[in-house]
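In what follows, a structure is listed as structure tokens, so that the remarks can point back to it.
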Amino acid sequence: MRISRLARKSILAASLSLMMLILAACSSNGASESPSSSPGASATSTPTTSASAAPAGPKKEISISAFDRGQVPTEEGSYESNRWTKFINENSPATVNWIPVDRGQAQQKLSTLIASGSAPDLIWEYDRNYIAQLANQGAIQPIDDYIEKYSTTLKKYLEENPELKSAMTINGKMYAVTSKRSIESIANHGMWIRQDWLDKLQLKAPATVEELIEVAKKFKDEDPDGNGEDDTVPIVFNGNAVQIIRAFFFTNENQWYLEDGQMKYARTLDRFTDSLAYQKSLFDQGLIDKEYITDSNFQRARQLWTTGKAGIYFASWSMDNEIRDLKANVPDAKLAPLEPVASKYGKNGLYQELPSNVLVAFNSEMDEDKIETAVKFLDWMLETGWHSMKFGEENVHYKLVEGDVPQRLDADKYRAEVAYANEYAILSQWDTKAEWIPVMAAQDALSQEIAQAKSQAIEVALKNEYRRDIPFSPDLPEVSQLIATFAPIATQIEVKVVTGGNALTPEAGMVQVRKEWKRLGGENVEKLAQEWYEKNKEFLK
């Protein structure tokens with residue numbers, strides 16, 4: 001079995017000091033060895049199995065859910081059967097049956113499977129509230145004792161990463177396991193600005209909410225694209241944009257905050273009123289595309305950006321395709337990531353994910369024999385399996401360069417043969433660094449320009465801490481039910497505030513929002529949320 005340089009680095013790190021262990025975890029991700037074999041170029045090829053990768057004799061079967069994002073090319077097979085599912089079954093200590101669930105309806109599909117008694121053995125989701133719901137329903141089981149009894153790699157990993165404990169703990173017991181997000185998945189929201197427009201108009205990048213409005217006005221009125229027409233839109237949105245505005249004011253529609261030690265729902269706070277007022281100001285002054293309300297898939301916004309008609313994009317830190325398409329249409333366009341702008345409340349970071357990645361739970365119908373197999377499978381995935389799921393086959397999809405950084409060889413080949421395999425890496429030790437992004441990217445000039453911009457963008461996205469008073473919302477049915485009823489009512493009022501001219505001021509709109517909150521039982525839910533917080537705060541760190 002060939003051990004990669006990446007793996008050898010981790011093995012050597014085990015004998016060094018604690019500081020070196022920490023550094024190795026960042027650079028080599030703690031992987032002890034590379035997968036024993038990788039699939040060949042053909043989707044129908046059968047990977048070679050090494051004696052150490054899979055035990056002798058028949059392996060026990062387990063089933064695992066997988067998000068179906070529609071990304072498996074026809075020539076690769078399906079989510080149930082492709083080169084990577086075959087690789088997993090040849091090399092892991094289990095035979096895995098993957099159960100795809102449509103990403104857009106994952107929770108509904110999983111709940112249906114659970115109700116019918118046909119749910120997979122391992123169920124995973126990003127949404128901790130959903131995992132907590134399954135725990136409270138008895139659909140999944142505590143696994144503390146099983147991890148202690150059967151695990152080696154995962155057990156050690158969780159001990160070394162105590163910050164993951166709160167995500168996995170529900171009602172004082174471990175109901176799921178997880179691994180850490182890499183920085184590129186912790187960073188989420190981001191803003192981009194046309195640096196060439198700033199330069200042409202001799203402007204500085206805005207640093208406050210007031211300066212953002214002034215820059216946007218000039219982008220609207222002073223013909224920054226130089227075509228002599230009044231056709232520029234200062235700011236366009238993708239699905240993150242409203243939350244970006246909320247973050248300027250240290251709030252978020254769906255979060256709870258501790259206000260003087262008391263649990264309060266964001267949509268009822270005074271600073272939420274300020275975020276509505278700011279959003280309305282942008283709309284009333286024509287600084288955002290007024291069709292964004294009906295642009296449900298944000299294709300109009302994307303077109304405005306990629307055709308060079310927009311100056312600021314409230315979106316995500318990583319916008320590969322949008323940048324590539326803009327450069328194809330406007331080759332001289334220059335972009336810069338834009339830091340969050342400060343409001344009277346200070347400077348908040350834009351939305352960032354929690355450290356925990358997907359939460360993998362165990363079906364309550366699993367017996368101990370099957371649980372042992374599942375735990376050993378997770379050990380294998382965390383130790384070695386994730387690497388091939390992430391990068392593919394060495395010297396086919398990537399090569400190791402500059403200190404064992406995997407550099408993609410062919411973007412199109414990777415997209416066709418590997419990209420969908422990330423779905424199976426339910427635990428992973430990958431953690432990139434911002435400076436690796438250009439090294440990992442394809443080496444043509446445009447790919448490198450985009451990668452350099454992304455490297456700067458991820459640093460900007462993580463530079464300022466995002467306010468999150470508690471990591472998770474109260475996992476109480478009363479809370480979930482009220483918010484499900486309240487949210488569309490509040491949204492309707494908020495849309496009227498923003499787009500309705502003088503019909504409803506932000507202050508009057510918030511009076512209505514708070515009235516609806518109270519009518520639906522918000523005061524009682526706040527009391528329950530406070531009790532939940534007091535009971536669980538030791539796990540909310």
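The values are calculated or read from the model by the stated rules, or taken from the named source; none is laboratory data. Model, not experiment: these values are computed from the prediction. With ideal geometry, Cβ positions are generated from the backbone for all residues, glycine too; neighbour counts draw on all protein chains shown. Protein only, heavy atoms only, side chains kept; ligands, DNA and RNA dropped before computing areas. Shrake-Rupley method; radii C 1.70, N 1.55, O 1.52, S 1.80 Å.
Numbers at a glance
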{"read-out": "Amide proton proximity set for residue 174, modelled H, under 5 Å, gap of 5+", "value": "143, 144"}
{"read-out": "Rounded, prolate or oblate (a/c below 1.5 giving rounded, otherwise prolate when a/b exceeds b/c) for the range 446-521 by Cα gyration tensor", "value": "oblate"}
{"read-out": "155, 109, ranked by accessible area, largest first (probe 1.4 Å)", "value": "109, 155"}
{"read-out": "Estimated FRET transfer efficiency when R0 is 22 angstrom, pair residue 207-residue 284 (beta carbons, to 0.05)", "value": "0.45"}
{"read-out": "Rg to Rh, two decimals, where the range 103-202 supplies the alpha carbon set and Rh follows Kirkwood", "value": "1.19"}
{"read-out": "Modelled FRET efficiency - R0 30 Å, residue 402 with residue 344, Cβ distances, 0.05 increments", "value": "0.10"}
{"read-out": "Extension reserve of the residue 81-residue 365 stretch, reckoned as 0.36 nm per residue once the Cα distance is removed", "value": "99.7 nm"}
{"read-out": "Cβ-Cβ FRET estimate between residue 419 and residue 445, R0 fixed at 22 Å, reported to 0.05", "value": "0.45"}
{"read-out": "Theoretical gain in end-to-end length, residue 149 to residue 115 [0.36 nm per residue, Cα-Cα removed]", "value": "9.3 nm"}
{"read-out": "Sequence-distant residues sharing a close amide H with residue 63 (under 5 Å, placed H)", "value": "97, 121, 122"}
{"read-out": "Straight-distance crosslink candidates among lysines, where the alpha carbon sits under 21 Å from residue 60 and sequence neighbours closer than 8 are dropped", "value": "86, 149, 370, 376"}
{"read-out": "Sulfur and carbon atoms: percent of accessible area, the chain [1.4 Å]", "value": "49 percent"}
{"read-out": "Label-point separation, residue 491 to residue 102 (7 Å along Cα→Cβ), nm", "value": "1.8 nm"}
{"read-out": "Across 433/537; 217/454; 200/327; 204/334; 309/496; 180/433, pairs whose alpha-carbon gap is larger than 24 Å", "value": "433/537; 217/454; 309/496"}
{"read-out": "The chain - accessible surface per residue (Å², probe 1.4 Å)", "value": "44 Å²"}
{"read-out": "Linear extension gain, residue 515 paired with residue 499, 0.36 nm per residue minus alpha-carbon span", "value": "3.7 nm"}
{"read-out": "The range 345-380-the range 93-119 distance, computed between alpha-carbon centres (Å)", "value": "16 Å"}
